[in-house]
Amino acid sequence: MGTLEKLRDALIEGKVEEVKHYTQQALDENTPAKTILDQGLIAGMDVVGVRFKEGEYFLPEVLLCAKAMHAGLDLLKPLLVGESGQSAGTVVLGTVKGDLHDIGKRIVKAMLEGAGYEVIDIGVDVDAEKFVESVRKHKPLVLGMSALLTTTMRYMKTVIDALQNEGIRDKVKIIVGGAPVNEEFAKSVGADGYAPNASEAVDLVKRLTAA
Amino acid sequence: MEEMLYSSAHEMIFGFAKKPVTVANGLTFGKGKVVPEVNFTLPPMDLAHENVPEIRERFKDIAHRIMERCVELQQEEVVIEFEHLFDMTERPDFGAQLTKDLKEVIEKYRQSHGTKAALRVTVADIRDRTRPPRMRSGKEIETMLRSFELCADAGADILSIESTGGKEISDNALMIGDVEGLLFALGVLGPRDMDFLWREIVSIARRYDVVPGGDTACGFANTAMQLAHQGLLPKVLAAVVRLMSAPRSLAAVEVGAVGPLKDCGYENPVIKAITGVPISMEGKTSACAHSSPLGNIAAAVCDLWSNESVQDVKLLSGNTPEVFTEMLIYDCRLMNTAIEEGRAEILRDLMVDSDRFLDPQALILDPKVMYEAARVIVNAGEDKFKQAVAVSRYAHGVVKEAEATNKIRLRGVEAKWLEKIGKILEHLPEEEEEFYASVKARYEGHFIPEEYGLN
C-alpha cells in the first residue's frame with residue numbers, strides 16, 4: 001500500500017498522529033501537495049461522508065476525521081498557496097435574535113469545517129446589525145441563519161432586509177435552517193436555500209458556492 | 001436522600017405518587033388520577049413590544065379553546081403549562097402579564113363549569129445566552145428570579161424551569177461523544193447549579209404560596225435523544241445520558257422542589273422512586289414537538305401526561321392546542337379507567353412491553369430499570385459525581401446485558417460505542433476532586449468555575 005493510501009485510511013479511521021505522519025512522509029517522497037490533498041485527505045473525507053450518510057459513522061467520528069484532516073492540511077498549507085487546496089471559502093453562522101438555541105448551528109459549523117470551509121460562528125441571539133457587520137467584515141460566500149422557535153424565525157427576514165438596505169444582499173448567499181423552518185419559508189423570506197439537517201447544509205453550501 | 005420511598009418497581013404506577021401535591025384550587029397530583037398537561041407555543045410571529053396586545057389575545061384564546069375542549073369532553077382536571085419564550089423571561093412584566101391572562105381564563109372556567117385547572121409556569125433559562133455563562137452573578141440570574149417572582153404573584157400555581165447549568169460543556173461533549181465531558185456537565189456542574197438555583201426558586205415559591213415543581217434535563221437528555229434520532233449520536237449514548245442526568249434533576253427535590261416534576265428529559269421515574277414526588281411525562285403525544293422511541297413506556301409511572309409543546313396552528317378539527325388536549329384527555333381517561341377498574345398494572349405492563357426492547361432508550365425507561373437506577377443512586381451516597389458515575393455504569397450494564405441476551409439488537413456501530421462507553425466509565429477516577437483535576441484543563445475557558453462554586 002502506498003503512502004497516499006495509508007494516509008487516506010488513517011484519515012478514515014480518524015488517526016490524527018498517523019495522518020500527520022503520512023502527510024509528512026508523502027511530502028518527503030516529493031509528492032506534490034495538491035496530490036496529497038486530493039488523493040489522501042479529500043479522498044479520505046469522501047469515504048467518511050459516505051459512511052456518515054449510510055449510518056456507519058456518527059457525528060463524533062466525522063468530527064474526529066475532520067480534525068485529522070486539518071492536522072494534515074496544516075502541513076500542506078504553506079505549499080498550497082495560490083492553489084485551490086486552501087479554504088473552500090468562508091461561511092458566517094448565527095442564531096437569530098431572541099433565540100438561544102446553539103447546538104444545531106454548532107453541528108453545521110463542525111460539518112462545514114470538515115468539508116474544508118472556514119466558519120465564523122457569531123453566536124446566538126444575534127441582531128441584524130451584527131449579521132450585517134459580519135458580512136461586511138468577513139465577506140463570506142455564505143451566511144447561515146438558524147432559529148428553533150416559531151417566534152424567532154421571522155427575524156431571518158429582518159436580517160435579509162437589513163442586508164438589502166445596506167446594499168450587500170447580493171454579495172452573499174443566504175441559507176436558513178432550524179426546526180420550524182422549511183423550504184417554502186426560506187423562499188418567502190428571500191433566502192437562497194434551506195437545509196433540514198447539517199449534512200444537507202454542507203451539500204447546499206457546496207452547491208451554492210460552486211455556482 | 002438516604003432511602004427510597006418505594007419498596008419495589010412493581011409498586012410504582014401511573015396516577016399514584018407517595019407524596020401527592022395539591023395546588024391552591026384543590027387540584028391534587030399523584031393521588032389516583034393522571035392529569036393531562038397541555039403545553040403550547042405561538043405560531044410564527046415576533047414578540048416585539050408592539051405585538052404584545054395581539055399575543056395576549058392569542059394566549060387568552062388558546063386557553064379558552066383548551067378549557068372549552070375539556071368541558072366538551074367532561075375533563076374536570078387539567079394543567080396548562082406556560083413555557084416562557086426567552087423574551088417572556090427577559091421582560092418579566094411581559095411574562096407575568098401573560099400568566100395573569102391565562103389564570104383569568106382558568107378562573108373563569110372554574111366558576112362557570114367547575115373545571116379545576118392549574119397553571120404551570122416554566123421560566124426560560126436566559127443565562128445560556130453568553131458563553132461561558134454567568135450562572136450566579138450578573139443581570140441574567142436577577143432577571144430570571146424576578147420573572148419567577150412576578151409570575152408567582154400573577155397566578156402561577158407551579159414553578160418550573162429547564163435549567164442549563166453545565167450545558168456550556170455538554171453541547172460540545174455530545175457532539176464529539178465525550179463521555180467525560182458529559183459527566184463533568186451532569187455530575188459536577190449541573191448539580192451545583194441546581195442546588196444554587198432551586199434554593200432560590202423554592203424560596204420564591206414559599207413566599208407566594210405556590211408549588212415549586214421541578215426541573216428536567218431537557219438540554220441534555222432530550223437533546224441527546226434528538227441527536228440520536230437524527231443519526232448524529234449512538235442511541236446507546238443517549239440511553240446512558242438519560243440516567244446520567246437523574247442525579248442532577250434530583251438535586252431540585254433535595255432542596256425543596258415537590259413536584260409535579262417537569263416532563264421532557266424523561267429521567268423523572270428515577271426521582272419518583274426515590275422521593276415519591278408526582279411526575280409529568282411525555283410520550284406519543286409529544287410527537288408534535290419531536291420524535292421519540294418512548295411513546296407508550298413513558299406513561300408507565302406518570303402522574304401528569306404532557307404533549308411537550310405544540311405550536312398553535314389550524315387543523316381540520318380545530319387548532320393544535322385543543323387537538324392535543326383532546327388526545328391527552330383520552331390517554332388519561334384510559335389510564336384513569338384502568339385505575340378505577342383495578343386493571344392499572346395490566347395497562348402499565350402493556351405500555352412497557354410495547355416499547356422496551358425496540359430501542360436502548362426505551363429499555364432504560366422500563367420502571368424496573370428506573371427503580372434499580374434509583375437504588376444505585378441512593379447507594380452511591382450524597383456525592384453527585386459518584387451518583388452520576390454509578391448510575392451511568394448501571395445504564396451501560398443494562399444495555400450490555402440486554403444485548404448479550406438478545407433482548408435488544410444493536411447495529412454494529414452501536415455495539416462498538418457501547419463497548420467504548422463501558423471502557424471510559426470503567427476507568428474514571430472515583431472521587432470528584434480527582435476527576436475535576438483531570439478534566440479542568442480540557443474545559444478551561446468554556447466555563448467559569450466560580451459561577452459553580454468551584455476553584
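Taking the three principal axes of the alpha carbon atoms in region B:16-452, the coordinate ranges are 62, 52, 37 Å, sorted in descending order.
Note: relative contact order over chain B, using C-alpha pairs below 8 Å and six or more positions apart, is 21 percent.
Total lysine pairs in region A:3-79 at Cα distances under 12 Å, for residues eight or more apart or on different chains: 5. The equivalent ellipsoid that matches the C-alpha gyration tensor of the protein assembly as shown spans semi-axes of 42, 30, 22 angstrom, in descending order. Along its first, second and third principal axes, ordered by size, region B:20-145 spans 48, 36, 21 Å in Cα coordinates. Highest mean packing first, where packing is the average number of other Cβ atoms within 10 Å per residue, the peptides B:231-240, B:338-347, B:305-314 line up as B:231-240, B:305-314, B:338-347.
For region A:1-60, what does the convex hull of the Cα positions come to per residue, in cubic angstrom?
In region A:1-60, the Cα convex hull volume per residue is 69 Å³.
Dividing the convex hull volume of the alpha carbon atoms of region B:186-293 by its residue count, what do you get in Å³ per residue? Please list the in-between numbers first.
Details: hull volume 10.7 nm³, N = 108.
Considering the Cα atoms of region B:186-293, their hull volume per residue is 99 Å³.
Note on B:LYS108: lysines with a C-alpha under 23 Å away, same-chain residues under 8 apart excluded, are B:LYS60, B:LYS100, B:LYS116. The Rg/Rh ratio of region B:355-433, with both radii computed over alpha carbons and Rh defined as the Kirkwood radius, is 1.00.
Per residue, the convex hull spanned by the Cα atoms of region A:90-210 amounts to 82 cubic angstrom. By the Cβ distance rule (another cysteine Cβ under 4.7 Å), the unpaired cysteines of chain B are B:CYS70, B:CYS151, B:CYS288, B:CYS302, B:CYS332. Take the Cα radius of gyration of chain A and divide it by 2.2 N^0.38 Å, N being the number of residues; the result is 1.09.
Every number here is computed from the coordinates shown, using simple stated rules; none is lab data. It should be emphasised that the depicted structure is a prediction, and the values quoted were computed from it without experimental measurement. With ideal geometry, Cβ positions are generated from the backbone for all residues, glycine too; neighbour counts draw on all protein chains shown.
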